[in-house]
1. Just give me the residues in segment 106-128 being of a type in the set (S, T, Y) and crowded, with 18+ Cβ neighbours inside 10 Å, in sequence order.
2. Just to be sure I understand the filter: pairs with C-beta atoms under 6 Å, separated by 6 or more residues or on different chains, first member in segment 178-191 and open to solvent by 70 Å² or more (accessible area, probe 1.4 Å), second member of a type in the set (A, V, I, L, M) and not in a helix (DSSP H, G or I). Which pairs pass?
3. Kindly list the number of the only condition in (1) modelled with pLDDT of 85 or more; (2) open to solvent by 10 Å² or more (accessible area, probe 1.4 Å); (3) not small (G, A, S) that fails for K475.
4. Looking at V76, V133, can you tell me which residue is open to solvent by 20 Å² or more (accessible area, probe 1.4 Å) and touching a residue at least 40 places away in the same chain (Cβ under 8 Å)?
5. Tell me, which helices (runs of 4 or more DSSP H) lie completely within segment 44-101 with 2 or more residues that are more than 30 Å from L213 (Cα to Cα)?
6. Based on this model, can you work out whether S165 counts as free of Cβ contacts under 8 Å to residues at least 24 places away in the same chain and small (G, A, S)?
7. Would you tally the residues in segment 484-514 being at pLDDT 80 or above and farther than 19 Å from V323 by Cα?
Amino acid sequence: MYASREDIGYDFGDDSKVRSKPIKPNPNIDGGWAWMIVLSSFLVHILIMGSQMALGILNMEWLEEFNQSRGLTAWVSSLSMGITLIVGPFIGLFISMCGCRTTAIIGGILNALGWILSAYASNVHYLFLTFGVTAGIGSGMVYLPAVVMVGQYFQKRRALAQGLSTTGTGFGAFLMTALLKYLCTEFGWRNAMFIQGAISLNLCVCGALMRPLSPKDLREKYVVRSDSEENRAKALSHSTETIKSNGVLGEEPEKKEEATNEEVLGSVQHIEIGGKSASGRSMYGLRLFKTVSQLTITVRKGFALWYSSYFGATSLFTNRVFVAFIIWALFAYSSFVIPFIHLPEIVKQYNLSRQDNVFPLTSIIAIVHIFGKVILGIISDLPCISTWNVFLMANFTLVTCILTLPLMRTYVGLAVVCALIGFSSGYFSLMPVVTEDLVGTKHLANAYGIIICANGISALFGPPFAGWIYDMTEKYDFSFYIAGLLYMVGIIFLLIQPCIQKKQPREKSTEAQV
């Protein structure tokens, strides 16, 4: 039931270079219904992440409607984006107790409700509650299950599957930008949000497609690294041993708890069978008691797994490379979000609105982002390529583009930089793969929840910070420079921590020899 030691080892190499040893392979792993899960996740990314990438259109409408500062108005979009990701750890608790399908369906209803209520906004602060908080929480309840389900259904082609599903962000940004522009022009922004709320109800259909795997299938879905990968994994095995010693891989407590739970349910069933001669009212009470007992056990198990992942002896925070990954996520996402929110305003300042109306810069990012995710996913699945190295190279390219964008003053120059931003940001499809390499499939929901929570904090403060800098300097240049430098700090953390991990095993071996 728990991930193998190789799954938790800090080998950031390619995960396609693995072979499975299930007793009876499930045809839905890497095939069959797995592709319906990819389709569901693809549509979720269109409706949630794509819509959020198109919020620059609504941001301009809100500026004209409410006459507030750019910094204050930008908080609406930032709250929606940020809360979608920040609630990740708490959504992990829902998934542990209710499953991905139920969580996603409830989230779809909340998201649609947030859009519809926002159509009646009388001020920006009203939008904070309806669009920022309500729609944001609903989006988070659908987004995390969509990512986790793809990770559960795929073993050999995880990078490609995640790449295909997350291309929905690019398609969504392109489609939703055009759709919101049309709706705002024809019907006004209020009716546009009402219509978008109705469209968002399709998230419930996406959630219904998330058919859960049986516990047996999850146990059979384990992998064994090839010999070429084992050498790299040993170099980073110090923190793996730390996690094992803290009990991440211990199954005995869970087995004991399951045995106790089965005894409780067995006793209830025994009473129910023995009491067949009792009155119908008594039997109804026994059945009700059995149902409540089963629900209580499910909630306890889900909460125990969630709590141990974050705060117990088996905490994910004992994994030092994972902690470095969190620090990186705190600075990375805002560098991608800021251009989407403020590019329409920048284009207007540079008097490039005519060219941008023909082919918006945000649409260029969105379209190239699609190809970036697929191509980077395919490259990462090649036997001779390290997923970790592809991830780092894409990060370096993106931070360079963020620092270069303020220097561009022509439409062609901005278009080239935006295209590079779109392609390099395709590394988002590799984030679940790298996270699963760090913690294993069992802890993917909780671990990825932490990562997107850090991304959410970055998205929450990034755009308002850029708007605040503009209100002081009347230029966006410093916003991009500061965001790029903070992003570089996060990348440095990713580079330093693996080096420390390599050094520590050597020191231990030297001490043993002495």
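The values are calculated or read from the model by the stated rules, or taken from the named source; none is laboratory data. Model, not experiment: these values are computed from the prediction. Positions of Cβ are generated from backbone atoms using ideal geometry, with glycine treated the same way; all protein chains shown enter the neighbour counts. Please note that ligands, DNA and RNA were not included when accessible areas were found on the heavy atoms of the full protein model with its side chains. Shrake-Rupley method; radii C 1.70, N 1.55, O 1.52, S 1.80 Å.
1. First, the residues of segment 106-128 that are of a type in the set (S, T, Y): 118, 120, 122, 126.
S118, the sole residue that qualifies.
2. That search, which allows pairs on different chains as well, returns R190/A119.
3. (1)
4. On the way: V76 fails: open to solvent by 20 Å² or more (accessible area, probe 1.4 Å).
Matching residue, one of V76, V133: V133.
5. Details: elements: 55-66, 70-86, 88-98.
The qualifying helices (runs of 4 or more DSSP H) are 55-66, 70-86.
6. Working: free of Cβ contacts under 8 Å to residues at least 24 places away in the same chain: no; small (G, A, S): yes.
Judged against the criteria, S165 is not a match.
7. Initially, segment 484-514 is screened for residues at pLDDT 80 or above, giving 484-495.
Cutting the leftovers down to farther than 19 Å from V323 by Cα gives us 484-485.
Final tally of qualifying residues: 2.
Conditions (1) of a type in the set (F, W, Y); (2) modelled with pLDDT under 75; (3) in a loop (DSSP other than H, G, I, E, B); (4) open to solvent by 20 Å² or more (accessible area, probe 1.4 Å), marked per residue:
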residue	(1), (2), (3), (4)
A304	no, yes, no, yes
I326	no, no, no, yes
I346	no, no, no, no
I365	no, no, no, no
